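First up is the structure itself, then whatever we jot down about it.
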Amino acid sequence: MSSILEVRDVSVNFGGIVALDGVSFDVPRGGILGLIGPNGAGKTTLFNCLSRLYVPSSGDILFDGKSILSTSPYRMARLGIGRTFQNLALFSRLTVLDNVKVGAHCSSHTDFLSNALRLPWVKRDERRMEDKAWALLEYLELTDVAHLPTAGLPFGTQKRVELARALAADPKLLLLDEPAGGLNHEEVEELGKLFRKIRDDRQLTVLLVEHHMSLVMAISEQVVVLNFGRKIAEGTPAQVRADPEVVHAYLGTKH
Amino acid sequence: MDAQLGAKVREIAALASGAKLSRLQWIGIAVAIAVGLIVPLLVSDYRTFQFTLVLVYAMAVLGLNILTGFNGQFSLGHSAFFAIGAYTAAIMMDHWEIAYYWTLPAAGVVCLIAGFLFGLPALRLEGLYLALATFALSIATPPLLKYDHLSEWTGGVQGVVITKPDAPFGLQISQDNWLYYFTFVVLLVLYFCAWNLLRGRTGRALKAIRDNPIAAQAMGINTALYKSLTFGVSALYTGVAGALGAIAIQFVAPDSFTFFLSVAILVGMVIGGIGSIPGSIFGGIVIVFVPNVAEQISKAAPWAVYGTLLILCMYFMPLGIWGFIRMGYARLTRRRKAD
Ligand SMILES: Nc1ncnc2c1ncn2[C@@H]1O[C@H](COP(=O)(O)OP(=O)(O)OP(=O)(O)O)[C@@H](O)[C@H]1O
Ligand SMILES: [Mg+2]
């Protein structure tokens with residue numbers, strides 16, 4: 001079983017709008033797959049199906065060979081699908097450290113009563129989460145802002161906090177929705193290296209939605225192109241870049 | 001050296017997130033406990049009784065704070081949980097002659113269940129709609145307590161009279177002093193548990209739901225379960241407060257638990273400090289003493305004075321009393337550093 005994720009003929013409707021129209025593709029395990037397309041193509045909608053926020057009107061989604069369509073949204077993290085959000089979705093009043101610790105929520109099972117009494121295993125669990133969170137903060141160079149609430153931080157820093165928070169759950173599949181939004185050219189290049197490093201260090205699979213073509217083309221092994229909810233092309237970056245329909249629909253309008 | 005710096009950075013972050021208390025905070029707690037222990041020795045029995053009520057309302061305010069301040073759910077219905085706790089205690093003591101201290105865990109469990117069950121359907125409601133649903137709960141409470149078929153238990157309009165417990169072990173202190181110390185210990189235990197609950201994994205989950213429910217769910221938090229359980233815990237705190245209030249006042253009657261009580265608890269939370277554990281104590285003080293002060297200022301129109309005092313509080317302390325103290329302290333230390 002080489003595909004970690006199989007998207008099978010997924011369609012999503014919002015009233016009259018068809019946001020996804022029979023989209024199918026596989027995500028190979030351990031790879032970085034770029035998902036691109038013009039604004040409104042349905043990329044975020046697909047992510048929201050993968051985290052079970054939206055329900056497809058037809059089709060199926062298999063993760064590790066099993067359908068996820070009857071799984072509760074809150075179970076997705078424990079199952080191994082982690083994500084970041086296109087428009088930041090941090091816990092604004094919590095500190096950076098606490099945001100990352102919330103990311104590790106699904107890695108343990110402590111209940112209200114044992115927390116209220118702070119029983120020994122809760123203490124042990126807290127220490128474990130503390131160490132894990134600090135390791136991630138160091139990994140992503142966030143230790144200097146660990147004590148600050150996320151609300152006032154620069155956009156790029158907040159994006160990195162989201163990444164740390166997503167990694168805290170030890171996902172097998174990481175969904176990144178426009179992680180380079182708002183960054184300058186050099187920062188984008190740095191970010192590309194970081195994603196590769198994360199993938200190699202932590203042996204996970206990355207599904208990357210991004211408008212920075214240079215980033216997608218540089219780090220993805222495979223690219224899937226959506227337009228108006230349909231898949232119009234799929235292949236290596238070179239193949240996709242040469243595809244006339246893609247050039248017409250997307251790259252053509254951009255350059 | 002590097003390890004030392006790391007430890008320092010970790011310490012600062014732990015203090016900032018409230019997982020640990022600073023030396024100053026520990027000193028503050030020690031002083032507050034000392035003051036709490038000494039107060040009844042210095043004042044009359046009636047004042048001691050009033051301070052017992054401060055502790056009772058401080059518990060209720062903490063209950064509401066856990067729900068609203070930390071989890072972002074509104075409630076105008078906490079008078080109902082206060083009433084359930086009070087009647088549980090009254091009925092147990094009056095009908096079954098059960099000792100007063102057993103009524104607290106019973107009131108807590110009954111309210112935990114009631115709050116959880118109310119929290120389940122309330123999951124579908126947010127913001128103003130939740131405020132409306134809880135408002136309905138609170139205005140339905142007094143008529144329910146007066147209901148004929150329940151009056152064998154509730155005493156109908158007359159309510160239930162209960163006797164004040166004596167100090168145990170032949171202690172030579174007044175009933176009022178004993179009840180004060182008893183309430184004080186219960187308060188310490190409940191506050192300690194709340195602090196534990198809020199500084200660990202569950203507390204972070206509650207606050208995460210408040211700040212961003214969608215992201216909280218994506219991080220693996222069972223938001224529906226957590227929100228209902230939080231409603232239950234909040235009701236538990238308020239119910240135990242209700243039971244202790246009933247024992248202190250020696251009387252429960254339907255009209256003590258009107259919508260106005262819900263508003264009073266809400267006012268206590270806002271003026272004390274939303275989302276603050278120590279602020280809840282100030283909330284209790286506000287609930288008991290601000291109406292008193294208002295009446296002393298004007299016997300003719302105490303509520304007009306009360307309203308004015310509230311507006312002044314909100315104007316000068318928009319983050320509540322605890323926020324005001326924190327900001328004042330921050331300004332002081334900054335000035336000292338600048339010198
Ligand atoms: N909750 C929703 N309700 C109604 N329509 C929606 C909803 N979410 C998405 N859509 C619509 O579905 C289509 C696809 O949107 P989506 O956000 O998935 O695009 P995208 O590819 O992520 O675009 P962008 O690059 O701008 O982020 C759009 O037409 C959008 O308006
Ligand atoms: Mg999008």
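Please name the residues of the range B:6-40 whose accessible area, counted over protein heavy atoms with a 1.4 angstrom probe, falls by no less than 20 Å² between the chain alone and the full protein assembly.
The answer is B:9, B:10, B:12, B:13, B:16, B:17.
Rank B:200, B:85, B:320 by mean-square fluctuation in a GNM of chain B with C-alpha springs under 10 angstrom and give only the top-ranked residue.
Answer for the Gaussian network model of chain B: B:200.
Counting only residues 5 or more places away or on other chains, whose amide H sits under 5 Å from the amide H of residue B:200 once H atoms are built in the peptide plane?
Placed amide hydrogens put nothing under 5 Å from residue B:200.
Counting only heavy atoms of protein chains, what accessible area per residue, in Å², does the range A:88-170 have with a probe of 1.4 Å?
40
Using a probe radius of 1.4 Å on protein heavy atoms only, what is the accessible area buried between chains B and A, both sides summed, to the nearest 100 Å²?
3400
Among rounded, prolate and oblate, which fits the range B:25-255 when a ≥ b ≥ c are the square roots of the eigenvalues of its C-alpha gyration tensor, a/c under 1.5 means rounded, and a/b larger than b/c means prolate?
oblate
Setting aside same-chain residues fewer than 8 positions from residue B:207, which lysines have a Cα under 16 Å from its Cα?
Correct list for residue B:207: A:101, B:227.
According to a simple spin-label model (label point 7 Å from Cα along Cα-to-Cβ), what is the distance in nm between residue A:131 and residue A:109?
2.3
If you count the DSSP beta bridges with both ends in the protein assembly as shown, what percent of them are antiparallel, to the nearest 5?
Bridges in the protein assembly as shown are about 60 percent antiparallel.
Can you give the relative contact order of chain B as a percent, counting alpha carbon pairs under 8 Å and 6+ residues apart?
31
So, by mean Cβ neighbours within 10 angstrom, what's the order for A:50-62, B:265-277, A:86-98, B:249-261 with the highest one leading?
The densest-packed peptide leads the list: B:265-277, A:86-98, B:249-261, A:50-62.
Could you give the alpha-carbon Rg of the protein assembly as shown over 2.2 N^0.38 Å, rounded to two decimals?
This ratio for the protein assembly as shown stands at 1.13.
Determine one quarter of the surface area of the Cα convex hull of the range B:21-110, which equals its mean projected area, and express it in nm² to one decimal.
8.2
Under 1.5 on a/c is rounded, so check that first for the range B:273-324, then, if it is not, pick prolate when a/b is larger than b/c and oblate when it is not; a ≥ b ≥ c are the square roots of the alpha carbon gyration tensor eigenvalues.
Verdict is oblate for the range B:273-324.
List the chymotrypsin sites (Phe, Trp or Tyr not before Pro) in the range B:132-230 that DSSP assigns to loop (not H, G, I, E or B) and whose Cβ has at most 15 other Cβ atoms within 10 Å. Which are they?
Passing both the DSSP loop test and the Cβ count: B:147, B:169.
Just to check I understand the Karplus step: with θ = phi - 60° and J = 6.51 cos²θ - 1.76 cosθ + 1.60, what whole-Hz values come out for the range A:229-235, glycine and proline as x?
x, 10, 7, 9, 6, 7, x
Rounded if a/c is under 1.5, else prolate if a/b beats b/c, else oblate: with a ≥ b ≥ c from the C-alpha gyration tensor eigenvalues square-rooted, which is the range B:212-339?
Oblate.
Between residue B:188 and residue A:71, with labels modelled 7 Å along Cα→Cβ, what's the label distance in nm to one decimal, could you check?
4.8
What's the angle, to the nearest 10 degrees (0 to 90), between helix B:78-95's Cα axis and the longest principal axis of chain B?
The answer is roughly 50 degrees.
Quantify, in whole percent, the carbon and sulfur part of the accessible surface of chain B (1.4 Å probe; protein heavy atoms only).
Accessible surface attributable to carbon and sulfur in chain B totals 69 percent.
Mind giving me the nanometre distance, one decimal, between the label points for residue A:21 and residue A:242, set 7 Å out from Cα along Cα→Cβ?
2.8
Tell me, what is the per residue accessible area of the range B:14-63 in Å², probe radius 1.4 Å?
I get 51 Å² per residue for this part.
With a Förster radius of 22 Å, plug the Cβ-Cβ distance of residue B:326 and residue B:263 into 1/(1 + (r/R0)^6) and report the FRET value to the nearest 0.05.
My answer for the efficiency is 0.30.
Using amide H atoms built 1.01 Å from N in the peptide plane, name the residues 5+ places from residue A:3, or on other chains, whose amide H lies under 5 Å from its own.
Placed amide hydrogens put A:29 under 5 Å from residue A:3.
Return the carbon/sulfur percentage of the accessible area of the range A:108-255, one whole number, probe 1.4 Å, all protein chains in place.
With neighbouring chains kept in place, the figure for the range A:108-255 is 54 percent.
Amide H to amide H under 5 Å from residue B:17: which residues, 5+ apart in sequence or cross-chain, H placed 1.01 Å off N in plane?
Result for residue B:17 returns nothing.
Helix B:259-272 versus the longest principal axis of chain B: what is the Cα-based angle in degrees, 0 to 90, to the nearest 10?
The answer is roughly 20 degrees.
Need one number: % antiparallel among DSSP beta bridges in chain A, to the nearest 5.
Antiparallel bridges make up about 55 percent of those DSSP assigns within chain A.
The values are calculated or read from the model by the stated rules, or taken from the named source; none is laboratory data. Keep in mind that what you see is a predicted model, and the values were worked out from it rather than measured. Neighbour counts are summed over all protein chains in view; Cβ atoms, including those assigned to glycine, are modelled from backbone coordinates with ideal geometry. Heads up: the accessible areas ignore ligands, DNA and RNA and are worked out on the full protein's heavy atoms, side chains in. Shrake-Rupley method; radii C 1.70, N 1.55, O 1.52, S 1.80 Å.
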